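Here the structure is laid out as structure tokens; the discussion comes afterwards.
The values are calculated or read from the model by the stated rules, or taken from the named source; none is laboratory data. From a predicted model like this one, the values you see are computed outputs, not experimental measurements. Reconstructed Cβ throughout: ideal geometry from the backbone, glycine too, with neighbour counts over all protein chains shown.
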Amino acid sequence: MLEVEVRKQLGEFALDVSFRSEGRVTGLFGASGAGKTSLVNIIAGLLKPDHGLIVVDGQVLDDTQAGRHTPAHRRRIGYVFQDARLFPHLDVKQNLDYGRCMNRLSFDPAAQDRVVALLDIGHLLDRRTGQLSGGERQRVALGRALLARPRLLLFDEPLGALDADRKAEILPYLVRLRDETGVPMIYVSHDADELRRLATDVVVLERGRVARAGSPDLLVERPPASPEL
């Protein structure tokens, strides 16, 4: 269960968003500048809301009325960015282990084997990140986020920098994450086809506010009305 009710003034832009979701993948849809990235940064704890409440799986992360704000590093939220943000001086195996080490979690070889198999990256473990394709980099970034044992995964347009072939390569892995890991996700995109394939719930943002929310069917283009005769 995800509950978000936040307000944030960002210069001349006002974010005022309220929604609840019990879906496995909540898609945030909207044009550039609608407030999608600002909202996920607030959920991640990288920005503090001016007013509001954020609850993830029964855990209160922000409650401005009670003066409560959980720092980002204590939220157990995995964040996958558009550019993967891997460490070039580490190989793939070391990148995968980074989140676990930062969160001081014990090493779980069975969990690592499951994630490596899920994302089909076993043959990449000894490579440096500079030797990876864009799609491979994103799969490693997904694995790193999962191995930090998050209660929630945030994706900020993770396919936005990839060409059509690389997007087609990555989307099946995202569907597998949705269906096999049980970790709830918030997925930001301005690509309606992407969200119709992946999301179980959709929240449409316009100018910092929720325009509508519901099933991915909201994103199906309706044909123009026939002119009256």
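Got a sec? Which of 42, 54 is touching a residue at least 24 places away in the same chain (Cβ under 8 Å), more than 20 Å from residue 147 (Cα to Cα) and either of a type outside the set (Val, Ile, Thr) or assigned to a strand (DSSP E or B) (or both)? Write out each step before concluding.
Details: 42 fails: either of a type outside the set (Val, Ile, Thr) or assigned to a strand (DSSP E or B) (or both).
Result of the check over 42, 54: 54.
Is there any pair with a first residue in the range 184-196 that is among the small types (Gly, Ala, Ser) and a second that is surrounded by fewer than 21 Cβ atoms within 10 Å (Cβ to Cβ) and at pLDDT below 90 whose Cβ atoms are under 9 Å apart and which are 6 or more apart or on different chains, and what are they?
Once the first residue is among the small types (Gly, Ala, Ser) and sits in the range 184-196, its partners that are surrounded by fewer than 21 Cβ atoms within 10 Å (Cβ to Cβ) and at pLDDT below 90 give 189/160; 192/219; 192/220; 192/221.
Within the range 149-169, which residues are under 14 Å from the mean Cα position of the chain (by Cα) and either more than 19 Å from residue 34 (Cβ to Cβ) or assigned to a helix (DSSP H, G or I) (or both)? Steps first, answer last, please.
Quick first cut of the range 149-169, residues under 14 Å from the mean Cα position of the chain (by Cα) only: 150-160.
Matches in the range 149-169: 150, 151, 152, 153.
Of the residues 188, 175, 183, 140, which single one is in a loop (DSSP other than H, G, I, E, B) and either of a type in the set (Val, Ile, Thr) or more than 23 Å from residue 93 (Cα to Cα) (or both)? Steps first, please.
On the way: 188 fails: in a loop (DSSP other than H, G, I, E, B); 175 fails: in a loop (DSSP other than H, G, I, E, B); 140 fails: in a loop (DSSP other than H, G, I, E, B).
None of the other options fit; the residue is 183.
Would you please list the contacts, defined by Cβ atoms under 9 Å and residues six or more apart or on different chains, that run from a residue in the range 123-134 that is over 16 Å from residue 166 (Cβ atoms) to a residue that is among the hydroxyl-bearing types (Ser, Thr, Tyr) and part of a helix (DSSP H, G or I)?
none
Only one of these conditions is not met by residue 175: (1) surrounded by 18 or more Cβ atoms within 10 Å (Cβ to Cβ); (2) among the β-branched types (Val, Ile, Thr); (3) farther than 16 Å from residue 79 by Cα. Which number is it?
Condition not satisfied by residue 175: (1).
Please go through the range 123-148 and pick out each residue that is among the aliphatic types (A, V, I, L, M) and within 18 Å of the chain's Cα centre (by Cα). Please lay out each step first, then the result.
Narrowing the range 123-148 to residues among the aliphatic types (A, V, I, L, M): 124-125, 132, 140-142, 145-148.
Those that are among the aliphatic types (A, V, I, L, M) and within 18 Å of the chain's Cα centre (by Cα): 140, 141, 142, 145, 146, 147, 148.
Report whether or not residue 82 is in contact with a strand residue (DSSP E or B) (Cβ under 8 Å, 6 or more places away or on another chain), over 19 Å from residue 24 (Cα atoms), surrounded by fewer than 18 Cβ atoms within 10 Å (Cβ to Cβ) and among the polar types (S, T, N, Q). Write out each step before concluding.
Numbers: in contact with a strand residue (DSSP E or B) (Cβ under 8 Å, 6 or more places away or on another chain): yes; over 19 Å from residue 24 (Cα atoms): yes; surrounded by fewer than 18 Cβ atoms within 10 Å (Cβ to Cβ): yes; among the polar types (S, T, N, Q): yes.
Judged against the criteria, residue 82 is a match.
Regarding the range 122-141, can at least one residue be identified that is touching a Gly at 6+ places or on another chain (Cβ under 6 Å), under 24 Å from residue 196 (Cα atoms), modelled with pLDDT of 90 or more and surrounded by 21 or more Cβ atoms within 10 Å (Cβ to Cβ)?
The initial filter retains those residues of the range 122-141 that are touching a Gly at 6+ places or on another chain (Cβ under 6 Å), namely none.
Taking every residue of the range 122-141 in turn, none turns out to be touching a Gly at 6+ places or on another chain (Cβ under 6 Å), under 24 Å from residue 196 (Cα atoms), modelled with pLDDT of 90 or more and surrounded by 21 or more Cβ atoms within 10 Å (Cβ to Cβ).
How many residues are surrounded by fewer than 15 Cβ atoms within 10 Å (Cβ to Cβ), among the charged types (D, E, K, R) and under 23 Å from the mean Cα position of the chain (by Cα) when one looks only at the range 96-116?
Residues meeting the conditions: 2.
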